[in-house]
Amino acid sequence: MKIKIKFLAVLLIVLVFYACGESTVEIGQNTYSPKIVIEGYLYPGKKVENIRITRNIPLNTQPDPADVVLYNADVKLTDLQDSKEYTLVFNPGKYSFEYNGSDLQIDYNKSYKLTVKAAIDGQNLTASSVTTVPKTGFKILKDESFLDSMKYRETDNGGIVKQFKSPFTPSPETEYYAISIVALDASFDNFIYDNPYMEIDRKDLEDDFDIYKYQFKWLQNVNSYSSKIDYNVEWLDVWFFGRYRMIIYAADENYRLFAQTYKNVQEFDGNFHEPRINIQGDGIGIFGSMIADTVYFKVTK
């Protein structure tokens, strides 16, 4: 993931008016307001890259994708420890912004501010967001993990189904962990059609291939001061024979709030509210930071 946790692509969000107490949303052109859309994550010890800066669009329009990317935006990252400012440059090959110097170091438990200025529809807009990188401590305990090759739903001598195990040590004060599981060899030929969960034919797989290839899980309310957190891969997250990559992320507060609210924007009484977005000014989206660790495993026939 360097999160693309695929899960998290650029969001194109429109503003809406809602009727009090009714589960309907009235949307018209007069409700549209141009916004800078931010999607970016910082990783300690890693290059600042893949900071995507785009714009939102009115509902029922079909823009040229090239017009959505704000490649001329002024994008700066400020290290709030010393207030030093770094200008990010646009990488046309990745459609995102990055910093290519060697003088910027993303560190644990440090705060950074992203500021974006751009002109959209004749309006000069500014958006900013601050992230604090999680504290050091998170890592997958590979010596205690069970990640060798295993037959699909293999059982032990007692008939109990085995599981891949990947315990980890948490980061202090970080209670939310995102998990990305990707089937690296996913294909129509090595899909596990004979499974105990549901009947899936090739047509079903053609329609929802990525849903089975990419799995996204999370752990919340984790005891961040525990010496070890146990995590087992559920067979319900395994749909292909072959190799898998699993990345666990210790996520900052920005990502936690966004991930837990962006799908749940309707109250019981029918009213709507915005997801928790820690972006100030004329922006929407997510700017966060994470610690990532990666392991691999293999499922055989």
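The values are calculated or read from the model by the stated rules, or taken from the named source; none is laboratory data. Owing to the predicted nature of the structure, the values given are computational and were not obtained by experimental measurement. For neighbour counting, all protein chains shown are included, and Cβ atoms are generated from backbone atoms with ideal geometry for every residue, glycine included.
For Thr54, the conditions (1) modelled with pLDDT of 95 or more; (2) assigned to a loop (DSSP other than H, G, I, E, B) all hold with the exception of (2). Quick one: is Thr54 surrounded by 15 or more Cβ atoms within 10 Å (Cβ to Cβ) and within 30 Å of Thr174 (Cα to Cα)? In short, yes.
If you go through the stretch 171-192 one residue at a time, do you hit one that is in contact with a Leu (Cβ under 8 Å, 6 or more places away or on another chain), under 30 Å from Thr261 (Cα atoms) and of a type in the set (Gly, Ala, Ser)? No: zero hits. For the stretch 145-159, filtering for residues that are surrounded by 11 or more Cβ atoms within 10 Å (Cβ to Cβ) and over 19 Å from Arg245 (Cβ atoms) leaves 3. Does Ala250 satisfy being closer than 26 Å to Asn278 by Cβ, under 21 Å from the mean Cα position of the chain (by Cα) and modelled with pLDDT of 95 or more? The answer is yes for Ala250. Is there a residue being at pLDDT 95 or above, among the hydrophobic types (A, V, I, L, M, F, W, C) and either surrounded by 11 or more Cβ atoms within 10 Å (Cβ to Cβ) or touching a strand residue (DSSP E or B) at 6+ places or on another chain (Cβ under 6 Å) (or both) anywhere in the stretch 197-204? The answer is no, given that none of the residues of the stretch 197-204 is at pLDDT 95 or above, among the hydrophobic types (A, V, I, L, M, F, W, C) and either surrounded by 11 or more Cβ atoms within 10 Å (Cβ to Cβ) or touching a strand residue (DSSP E or B) at 6+ places or on another chain (Cβ under 6 Å) (or both). Of all residues in the stretch 279-301, those satisfying the criterion of being within 19 Å of the chain's Cα centre (by Cα), of a type in the set (Val, Ile, Thr) and closer than 25 Å to Lys151 by Cα are Thr294, Val295. Among the conditions (1) in contact with a Gly (Cβ under 6 Å, 6 or more places away or on another chain); (2) over 16 Å from Met290 (Cβ atoms); (3) of a type outside the set (S, T, N, Q), Asp252 misses just one, which is (2).
A residue that is modelled with pLDDT of 95 or more and surrounded by fewer than 18 Cβ atoms within 10 Å (Cβ to Cβ) can be found somewhere in the stretch 275-288.
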